[in-house]
Structures are given as structure tokens and as C-alpha cells.
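The values are calculated or read from the model by the stated rules, or taken from the named source; none is laboratory data. No experiment lies behind these values; they were computed from the predicted model shown. Here the Cβ positions follow ideal geometry from the backbone for every residue, glycine too, while neighbour counts run over all protein chains shown. Note: areas computed on protein heavy atoms with side chains; ligands, DNA, RNA excluded. Shrake-Rupley method; radii C 1.70, N 1.55, O 1.52, S 1.80 Å.
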Amino acid sequence: MKDPVIHQLTIPTPFAVGDVHTYLLVDDAVTLIDTGPDTAEGKGTLIKKLNEIGFQPEDIDQIVLTHHHPDHAGLTEFFGDAKLFAHKDSERFLVRNDSFMNMHDFFYNEFFKQAGLPEPYFILIEKMKETLSVMGKRPADEYLADGDLLPGHQGWRVMESHGHSQGHISLIHENGMVIGGDLLIRHISSNPLIEPPFGINQPRPLPQLQYNESLKKLAALNPTVVYPGHGEVIVQAAALISERLIKQAERAGYVKSLLQQKEATVFELCTQLFPKIYKKQLGLTLSETQGQIDYLMAEGEIRAADMSGSAVIYKAESGVKL
Ligand SMILES: [Zn+2]
Ligand SMILES: [Zn+2]
């Protein structure tokens, strides 16, 4: 099978991550993978880049979202006539109805209490929602799940790759190409972000563990090239993935060593791991720290030993693990 036609369209975002890549696939259908943010600059740049390769916004038959983050999923309403595909686990952030947003606030309030976050930082719950203002509110027309074929395009299938977000998907071509969203980025490690559970009385997802599994799934495909959501196109992805997995295990080992010195809450560990940036990047650094805790808990290296008010205090297991 000949290689598919993929156009990379790079769009500015108002976020620290910088530009985002969207991709136009042209076959029986014209499909835009991710849209960029719903900002005047983002929309203008996307239209200009489409025009440069001979397309108008109305030529787009369908949109596929790799995940629900605002730098990727902004212009869903602008492309209102295009069929919208996403994973079902992205839907709640695409629609953002009142019951989900209430649950969202309640969940983070409880999560922050358990992490031992001091009260003044709880303003973060409102701040996290500000970024959602550059996203349309539109439900998906159809869900994509693991193994689904991409309609209108030969040779592409969907791989679920949860972790960076819930409902993250990548598109895999049988020639070995991957459109990976934020699953793997060359110049930065992609954060597994904490999200609310999918129902009352459900446990929250464990994004670090999901993310490691998703990376291993990607490595097992031995992709020829990964087209990412940010930064340069990635060849030799398997080597980069094993580097990332080793670094994560090393960081977890460091967290365990901190807990061997002194038991601590997630917030206390966060300030030790990220002393210079935790105040500015609290959402990301807390997620990252909780991810290491989830990983160490799953490995049986640490335990939740005590409570201080609502905050959980973690302690390293003393036994030497073989
Ligand atoms: Zn993302
Ligand atoms: Zn992104």
C-alpha cells in the first residue's frame, strides 16, 4: 500500500506548550486530526494553512480528536458541518454539562485535600477551567475505540492510548506511521494528568500507569514515524520510549528515597521535586507527583500510612524488594 497523504498544519496556541500540530488526511474523505484552539489567531492560521494547500474549511468532511485538551479540540463548533469523531471518554470535556462540571469541582476539591494542598492554592480549580474557554461545546457524532478503522481512509486504525488524558487515541497506519497526539513528544515528556472518575463511587483513573502501558503499546508497534501534537516528527520512537520509561522509574525511585527519609503528603513531595516551578505549574506538577505515588503504590514500594486531617501521608515500605 502506498503511503497516505498527510499534511502537517502548525497552529499557535496561547499556552506554555507553544504551537500545536494538526494533520489533514486526504483520501476518499478529507479529515482534520485535531483543530487547534478556538482563538482568533488559531482559527486564522488554520484557515490560511488550509488555503495554502488548496482547501477551504468547508472541504473538511470529518474531524478526529486525539484528545480533549483545549490546544487540540478548540474549533469543534467552527467545523460544525464536519462529522466529529472522538473517544467516548473525551465526551464529558467536549460537552461540559453542569452535572460533569459540578462533579469536576467536587473531585478536585477532594483530591487537593487528600494531597495536602494548603487552602490558598484551591483557586487552581477555577484556574484549570479558564483554559476550557478556548474550546467549543459540541458532542461527538461518533465514538472511536481501540481497533476501529478510520472511515474514508484506507489502512488507518485507532489505538486507545489513555494516560496523558482519558480518551486519548492515536491513529496507526499499516505502513507504520502513527499520528500520536500528545502520547509521545520529542522535546518534553508528556504529563499524565489527573482526571475525575467516570462515575460516583468509581476510583479515579491512574494516568501514570495507563500512560506507561500506552507507551509500551506504541513501542511494540515499532512505528516508522510518529507525527506528534507538538515538536518535531519522531523517528526511532522505540528508543525514545525506553528512555522515557527509564527516566520515570528513576524519578519514582527518587520519590521513594525522599519517603525513606521522611513520610510526606503528595503536596510536600511536589514542593521537593519541583521547588522552582510548583507554584506556577501547580496542576502539572501535582499530577506528576501523584503519578509517581500511584506507580510506587502499584509496585508495592510505598503505602498510605496515616492521615493528617484529610491529607494522606505516604511512607516507604521498609522491606528490600528483590
Ligand atoms: Zn494534551
Ligand atoms: Zn497538546
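List of remarks:
- Crossing angle, helix 207-221 versus the chain [Cα axis fit, 0-90 degrees, rounded to tens]: 50 degrees
- Note on ARG204 and VAL17: with the Förster distance fixed at 35 Å, the Cβ-Cβ geometry gives a FRET efficiency of about 0.90.
- Residues whose amide H comes within less than 5 Å of that of TYR278, counting only those at least five positions distant or on another chain, are absent (H built at 1.01 Å from N in the peptide plane).
- Expressed as a whole percent, the accessible surface of the range 211-290 that belongs to carbon and sulfur atoms is 53, based on a 1.4 Å probe.
- Solvent-accessible area per residue, Å², over the chain with all protein chains present [probe radius 1.4 Å]: 45 Å²
- What separates the Cα centres of the range 129-157 and the range 15-86 is a distance of 11 Å.
- Cα-based helix-to-principal-axis angle, 282-298 vs the chain, degrees rounded to 10: 70 degrees
- Shown here is the pair-distance distribution of the range 86-172: with all Cα-Cα distances grouped in 10 Å bins from zero up to the longest one, the shares run 15, 36, 29, 15, 5, 0 percent.
- Where SER310, SER214 fall by accessible area, highest first, once all protein chains stay in place (1.4 Å): SER310, SER214
- Cα gyration tensor, the chain - rounded (a/c under 1.5), prolate or oblate: prolate
- For the chain, the antiparallel share of DSSP beta bridges with both residues in that region comes to about 70%.
- Relative contact order for the chain, counting Cα pairs under 8 Å that sit 6 or more residues apart, in percent: 14 percent
- Long-range HN-HN contacts of ALA264 with modeled amide H, under 5 Å: TYR314
- Relative to the 2.2 N^0.38 Å rule of thumb, the range 159-287 has a C-alpha radius of gyration ratio of 1.15.
- Where only C-alpha atoms are counted, convex hull volume of the range 275-322 per residue in Å³: 104 Å³
- Degrees between helix 237-261 axis and first principal axis of the chain (Cα, 0 to 90, nearest 10): 20 degrees
- Among the protein heavy atoms, those of HIS187 account for about 110 Å² of accessible surface (1.4 Å probe, every chain in place).
- For the range 45-172, share of DSSP beta bridges that run antiparallel, in % to the nearest 5: 50 percent
- Cα gyration tensor category, rounded, prolate or oblate, for the range 1-145 with a/c compared to 1.5: prolate
- Area accessible to solvent at GLU126, 1.4 Å probe radius, in Å²: 100 Å²
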